[in-house]
């Protein structure tokens, strides 16, 4: 019986800035999703990481534990941090069209995260657990689109 692919990483801000996250996750995702879907998923994970490091840790030292599981029907990514509790699923989403018209810079991360992935938050005694999921059809074939 084949075992579902998993990956566990502990990333600090410097690891994340070097772009190692994308290179470590891509090979697993590329076996299950099309290129465009892989890029969407990576964008959502990267946006979550940016929010944790920039807003959760407020630029201070911190780390994020990442656990990825590729199941037969979905991808699950869990991000665990020790930053102050923040439930990104409860925050209001900005309208990207009106923000762009107003010339506002930034603030699109939560919109991207929550429209690309199914997102759940759980407050922990020492931080946050953010669960990101993306459904996939069993045996979904990858393609070049």
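For segment 115-132, how many residues meet the condition of being at pLDDT 95 or above and outside any strand (DSSP E or B)?
The number of residues fulfilling the criteria is 4.
Is it true that residue 5 is more than 14 Å from the chain's Cα centre (by Cα), more than 22 Å from residue 114 (Cα to Cα) and surrounded by 15 or more Cβ atoms within 10 Å (Cβ to Cβ)?
yes
Could you say which residue among 30, 47, 60, 14 is loosely packed, with under 14 Cβ neighbours inside 10 Å and touching a residue at least 40 places away in the same chain (Cβ under 8 Å)?
Exactly one of 30, 47, 60, 14 is loosely packed, with under 14 Cβ neighbours inside 10 Å and touching a residue at least 40 places away in the same chain (Cβ under 8 Å), namely 30.
Could you list, in sequence order, all residues of segment 44-70 that are closer than 20 Å to residue 112 by Cα and under 12 Å from the mean Cα position of the chain (by Cα)?
44, 45, 46, 47, 48, 49, 50, 51, 52, 64, 66, 68
The values are calculated or read from the model by the stated rules, or taken from the named source; none is laboratory data. Predicted, not measured: the structure shown is a model, and the values here were computed from it. No Cβ is skipped: glycine too gets one built from the backbone with ideal geometry, and neighbour counts run over all protein chains shown.
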